[in-house]
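The values are calculated or read from the model by the stated rules, or taken from the named source; none is laboratory data. Keep in mind that what you see is a predicted model, and the values were worked out from it rather than measured. So basically every Cβ, Gly included, is an ideal-geometry build from the backbone, and we count neighbours across all protein chains shown. SASA here: full protein model, heavy atoms, side chains in, ligands and nucleic acids out. Shrake-Rupley method; radii C 1.70, N 1.55, O 1.52, S 1.80 Å.
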Amino acid sequence: MIIDLQMEEISIQKDLKLSGLTLDECGIGRDLGIIIVAIKQTTGDMRFNPTFRSTINPGDTLIALGEVSKLRILEEMAMAKK
């Protein structure tokens, strides 16, 4: 069985569902099986290998690795309004 994995950058804007939540609270790893490799902050700093306690802030970009179909779900979550 071949699993199609991909790495993508997903931007998090202000007033969106994922903004202000921890990685654990939004269930990215637990529910979708996606690995967040890094979080790029608005300052340009990169937080590599973030923990489940890491917070997703407005303007952050998630560097995510996972199945293409699951990444599409994450993109939809990232665009959903609170």
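Remarks
- Unmet criterion (only one of (1) in a loop (DSSP other than H, G, I, E, B); (2) in contact with a helix residue (DSSP H, G or I) (Cβ under 6 Å, 6 or more places away or on another chain); (3) open to solvent by 60 Å² or more (accessible area, probe 1.4 Å)) for residue 6: (1)
- Subset of segment 25-57 (residues that are of a type in the set (S, T, N, Q) and in contact with a Gly (Cβ under 6 Å, 6 or more places away or on another chain)): 42
- The set of residues from segment 14-23 being over 19 Å from residue 67 (Cβ atoms) and without any contact (Cβ under 8 Å) to a residue 60 or more places away in the chain comprises 14, 20, 21, 22.
- Residues in segment 12-63 that are under 19 Å from residue 79 (Cα atoms) and basic (Lys, Arg): 14, 17, 40.
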